[in-house]
Every structure is written in C-alpha cells, then in structure tokens.
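Below is one structure, written out as structure tokens, with a few remarks after it.
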Amino acid sequence: MIAIRPYASGDLPTLMALFTAAVHTLGALHYGPAQLDAWAPRPPDAEDWRRRFETLHTLVAEDALGPCGFIAWQDDGRIELLYTAPRCARRGVATRLVQAAEDALSADGVTELVTEASLAAWPFFETQGFTVVEPQVVTRRDATFTRFLMKKENAA
Ligand SMILES: CC(C)(COP(=O)(O)OP(=O)(O)OC[C@H]1O[C@@H](n2cnc3c(N)ncnc32)[C@H](O)[C@@H]1OP(=O)(O)O)[C@@H](O)C(=O)NCCC(=O)NCCS
C-alpha cells in the first residue's frame, strides 16, 4: 500500500539517501562511475538540498517501511526530480507520483509538463505520455551526460 503526501522538512535526510541510492543503483545500468559520482556526490550536500526543496513542490510516496520515492516540480510544470528507492522499483511508485503531480498542476492551471529525462528514466516518461523533444548533452561537475528533453500536454 503506497500513500502520497507532501514533503516535510524532516524528510530531508531520508530523501537525500533515497536519491543517492536510486542514482548509484538504478542509474548504474546507463552511466559510468564518474558520471554517477557527479550526478549524486557522496556524501550529499544537505544545505544545497534544503535550499533546493524550498523552491520546489515536492510529494513523497511512502509504504510501510517509509519513503519509497519522491517527485519535485517547479511552478511552471517542469519536473526537476523523480526518484524511486531501489527496493521499490517497478512497483508503480513513479507512476503514482507523476499522476499526483499532474493533478496538482492541473488544479493550478498548468497545461504543459516538461522534464529533462535521464537515459534511465526516458522509457518511464514515455509510458506516462511524454514525448521526446530533443536529446541534450550537459556537463555537471566535469562529467558529460546525455539526456532527453520531454514534454506532455496536461489534459487532466
Ligand atoms: C525512472 C524511475 C523514477 C522509475 O521509477 P519506478 O517507480 O520504478 O517506475 P514505475 O514502476 O512507475 O514504472 C512504470 C512503467 O515505466 C516503465 N519503466 C520504469 N522503469 C523503467 C526502466 N528502467 N526501463 C524501461 N522501462 C521502465 C515500465 O513500462 C514500467 O512498467 P512495468 O514495470 O509494468 O514494466 C526509477 O527507475 C529511478 O529512480 N531511476 C533512477 C533515477 C532517474 O533516472 N530519475 C529520473 C531523473 S530524470
């Protein structure tokens, strides 16, 4: 049983750990060690994350063992973060989170969703009705990544 609830400041350590585990486990099929370390440095920078969550709308998915995923987006419909804990992968957690975000954005009158999807995530976003606009190559902390700009009209 998975529940969706708003982020609270006390979630910060758990979500940083969830992010780090998701990147280094689920991302490892698609990116090399240097890229994974650049994407999710260990240890994570708590102050940076705290500031980041302050600017975003964030929902947390939780099961009996605690948080198993989270999604965060900007006012304009840009999905910035979507991560599922490795122990919860392929159980529909990200699907529930994207649908909850879409509902919230629809209620706010936002009609277009945008994301920059990793190589690990673009097939998931396709299942949610997003389409690829263009591939992008970006550099983060001296590592180069391929990702895909994707969009969806939010008709909900
Ligand atoms: C991408 C991610 C969020 C998906 O989370 P999830 O909770 O496992 O996704 P769901 O269970 O809701 O998946 C729904 C469907 O999407 C597709 N899908 C999900 N992950 C997939 C993958 N790795 N490869 C191919 N298709 C995938 C499948 O069709 C899946 O349905 P199925 O399990 O019945 O086959 C998760 O793998 C993750 O955190 N990845 C690492 C971090 C990342 O890249 N985040 C996105 C940053 S842009």
Grab the DSSP H runs of the chain that are 4 residues or longer, score each as -39,500 (n - 2.57), total them, divide by all residues and round the 222 nm result to the nearest 500 deg cm²/dmol.
-10000 deg cm²/dmol
Taking only Cα atoms and a 10 Å spring cutoff, compute GNM fluctuations for the chain and point out the largest among W73, W39, W49.
W49
Please give the net charge around R52, taking every other residue with its beta carbon less than 12 angstrom from that of R52, where Lys and Arg add +1 and Asp and Glu add -1.
-3
How much accessible surface does D108 have with a 1.4 Å probe, in Å² rounded to 10?
110 Å²
Restricting to Cα pairs below 8 Å that are 6+ residues apart, what does the relative contact order work out to for the chain? Please round to a whole percent.
22 percent
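The values are calculated or read from the model by the stated rules, or taken from the named source; none is laboratory data. Bear in mind the structure is a predicted one, so any value in this text is a computation, not a measurement. Neighbour counts are summed over all protein chains in view; Cβ atoms, including those assigned to glycine, are modelled from backbone coordinates with ideal geometry. These area figures cover heavy atoms from the full protein model, side chains too; ligands, DNA and RNA do not enter into them. Shrake-Rupley method; radii C 1.70, N 1.55, O 1.52, S 1.80 Å.
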